[in-house]
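The values are calculated or read from the model by the stated rules, or taken from the named source; none is laboratory data. Computed from a predicted model, the values in this text were never measured in an experiment. For neighbour counting, all protein chains shown are included, and Cβ atoms are generated from backbone atoms with ideal geometry for every residue, glycine included. Note: accessible area is taken over every heavy atom of the protein model, side chains too, but ligands, DNA and RNA are not part of it. Shrake-Rupley method; radii C 1.70, N 1.55, O 1.52, S 1.80 Å.
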Amino acid sequence: MRRKQVLQGNIIVAKAALAARCNFFAGYPITPSSEIAQFMSRELPRMGYDFIQMEDEIASLGACIGASLSGRKVLTATSGPGFSLMQEHLGMAVMAEIPLVIVNVMRGGPSTGLPTKPSQSDIMQARWGTHGDHPIIALYPAFADEIYSETIRAFNLSEKFWNPVIILLDEVLAKAHEDIELPRKNDIHIYKEKIHRIKDLNIYDREIGENPPRVDFFKGYPIHIDGLEHDKHGWPTSDPETVNKMQTLRMQKIYHYLDEIVKFKEYYMEDAEIMIFSFGVSARSSLAAVKMAREQGIKVGLFQALTIWPFPKIPLKERFKQIKKVLTVELNMGQTKYEIERISLDDVEKKALLRANGIPFTPNEVLDKIREF
Amino acid sequence: MVGGEIMSKLTIPQEEIMSSGHLGCQGCGATIAMRYMLKVFGRKTMLTFPACCWSVIDGPWPYSAVSVPLFHTAFETAAIAASGIKSGLDAFGKKDINVIAWAGDGGTFDIGIQAISGAAERNDNILYIVYDNEAYMNTGIQRSSATPWGAWTTTTPVNNPKNRPKKDLVEIIAAHRVPYTATASIAYPEDFIKKLEKAKNIEGFKLIHIFAPCPTGWKMPPDLTVKVARLAVQTRIFPIYEVENGVSYKLNFNPKKFVPVDEYLKLQGRFRHLKEDGYKFIQKNVEYEWELLKKKVETFK
């Protein structure tokens, strides 16, 4: 019999990472994510793996990239200011196509900001924080069981697509202790990377939209991995045609598989006339508000994004064909509000409940906003 | 005048600039360090803090415990923010304002060291003070590179303890050949104040490394702060000395007899897991480092 446990959100992340066979952690302490590092510092050495506390976040992601290249499944955890320091390396990992998972337990910002208060204000940093055009995957759990399942999914996606995956987590969810029934080992699906014994030097060679194979970098040929734009061998190039092809390859490996990557949950959407778009802790307030509104006869539903990047554009566009009223609920000054505005039609009435003062929304506040339609 | 006579005999300035009501834990060593520092530097002082205990201890608006202008900057930039402020003030001819970077060991030994090295190499006219409580206390007692060998922290658990010695910051800074570098302890305020006064009158980059115990993180009763700080010096775990121009070393505490390290270690919960061989290892290391230091003192007399 599986027993329910009471676990902190940060610990759920760490336990899920170990279940996904994460075997390397390099990190730097930062509130409110430190418990992940603390847990890993106890558990990984016990299993014979490495936990390294680094001198800053630049070093954290640098070590993760190195460890990933040499075949480890890597995790690092940070918060807003530390995530900013990771941005250069994040671009590097996208460019060199290196799988890794970053947990960003968001706090109010900018700068030291509101270090002990929740915020959902790193959504655009996750998307556009690093320089250059690049694809990114960011997942956004809201409930304890989702924290577990999305962490495992993050490892699977990063392994499959050879890309960094970011888990955005709300401070309140990371710090709260909730009851959770952890799945059995056999019920967890773990993507097994196919390690290709390379036959030639064309490590980045593939057709547009094709999944990249995972190459054992240090067996066979001396492989060249480069932060410069490179050709199919990994060697630097500035030939416009090759550059164009490599950029397209990197984008398409994500955008070709949107069905697999983009996940969301819907509540009370069958007959909804008003749709709430939300995620994380705001989605939890919204769900409670939806239930209250339903009792009062208001036909409202909730669209909870689990994948925030790539943005769930296609399913949302589909919903906007029927639903003509949308309310965006987020703990920031309107970061996904603009995404919703970009993809909804002119005849959709748009409202947003926004706040970035460190206090999560209460269901009543969401309900009041629903009543404004 | 009787009062005047007493005043002239005091070795520690009487005026209190730091106020009560700060948010430090009971027995916080860092607050004692700040109190002495402000006594020497007075109100014509500007502070830069990175993220550290003191960025919280100072207190929320409208209560500021330091009573002087303060700039709380990004984690890695205490030194260079001070450099910028100092050159800005110089440009306006305000040369009598002391600019002090005040940072914990994490913001100094780890993430901040690049900025400190830059400021030291340029010989920026600032004073950098690191209050060393030997871990990231503000984020919940994670190890830093100032954490000593064998100490427990939340990221160096007992099953995987720290197996490297503390980074030798003073040596690193002295290697930049800056005018003045020193270590000090809150248990020896006269010495600390003398060093602060010296630094105040030196042009260029100065760094003072002040040992400031943290009862919360070291797992010891708060009334032991000063005692433990004194034992750290008496055992030679934290020798107090100064280096001028990167080469001339001077020991400020050099008695005939020393206290064994056990007396220091046994007072603190963070060393509770250590066994006899652990004490021996630390004792041996302390003696080795002391010999090294004494050689430097003799060589560069």
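Kirkwood hydrodynamic radius of the protein assembly as shown, from the reciprocal of the average inverse Cα-Cα distance over all distinct pairs: 27.5 Å.
Note on residue A:351/residue B:172: beta-carbon distance plugged into 1/(1 + (r/R0)^6) with R0 of 56 Å gives a FRET efficiency of 0.50. When you filter the trypsin sites (Lys or Arg not before Pro) in segment B:86-118 for DSSP loop state and at most 15 other Cβ atoms inside 10 Å of their Cβ, you are left with B:94, B:95.
Working note: Karplus 6.51/-1.76/1.60 with θ = phi - 60° gives segment B:52-63 the couplings 6, 3, 5, 5, 9, 4, 4, x, x, 4, x, 9 Hz, where Gly and Pro are set to x. The simple spin-label model puts a point 7 Å past each Cα toward its Cβ; for residue A:21 and residue B:91 those points are separated by 5.7 nm. Annotation: amide H-H contacts under 5 Å for residue A:231 (H modelled 1.01 Å from N, sequence separation of 5 or more, or interchain): A:237. Take the alpha carbon gyration tensor of segment B:57-138, find the square roots of its eigenvalues, order them as a ≥ b ≥ c, and report rounded if a/c is under 1.5; if not, report prolate when a/b exceeds b/c, else oblate. Because a/c hits 1.5 or more and a/b fails to exceed b/c, segment B:57-138 counts as oblate. Annotation: amide H of residue B:258 has no partner in the under-5 Å range at sequence separation 5 or more or interchain, hydrogens built in the peptide plane. Loop-located trypsin sites (Lys or Arg not before Pro) in segment A:256-354 (DSSP state not H, G, I, E or B) with no more than 11 neighbouring Cβ atoms inside 10 Å: A:321. For residue B:245, the amide hydrogen comes within under 5 Å of the amide hydrogens of B:180, B:181, counting only partners 5 or more places away or on other chains and with H modelled in the peptide plane.
According to the square roots a ≥ b ≥ c of the eigenvalues of the Cα gyration tensor, what is the shape class of segment A:4-187, taking rounded for a/c under 1.5, prolate for a/b larger than b/c otherwise, and oblate for the remainder? Rounded. About the centre of its Cα atoms, chain A shows a dipole size close to 960 debye [charges on the beta carbon of Lys, Arg (+1) and Asp, Glu (-1) only; nearest 20 debye]. GNM on chain A, alpha-carbon springs under 10 angstrom: the most fluctuating residue among A:296, A:87, A:322 is A:296. Using the Cβ-Cβ distance between residue A:252 and residue B:291 with R0 set to 56 Å, the FRET efficiency works out to roughly 0.30. In this simple spin-label approximation, residue A:224 and residue B:253 carry label points 7 Å from Cα along the Cα→Cβ vector, and these lie 5.8 nm apart.
The residues of segment A:265-370 expose, per residue, 42 Å² of accessible area to a 1.4 Å probe.
Computed extension length for residue B:298-residue B:163: 45.5 nm, one decimal, from 0.36 nm per residue of separation with the Cα-Cα distance subtracted. Global size of chain B: 18.7, 64 Å for Rg and Dmax (C-alpha atoms, Rg to one decimal, Dmax whole). On the beta carbon distance between residue A:5 and residue A:292, with R0 = 30 Å, the FRET formula returns roughly 0.50. Spin-label model, residue A:208 to residue A:265: label points 7 Å out along the Cα-to-beta-carbon direction sit 3.7 nm apart.
For segment B:230-246, putting each phi into the Karplus relation 6.51 cos²θ - 1.76 cosθ + 1.60 with θ = phi - 60° gives couplings of 5, 5, 4, 6, 5, 8, 6, 5, 10, x, 9, 7, 9, 10, 9, 6, x Hz, in residue order, rounded to whole numbers and with x for Gly and Pro.
Using the Karplus relation 6.51 cos²θ - 1.76 cosθ + 1.60 with θ = phi - 60°, the per-residue 3J(HN,Hα) values for segment B:27-41 come to x, 5, x, 5, 6, 5, 4, 4, 4, 5, 4, 5, 4, 7, 7 Hz, with x marking Gly and Pro.
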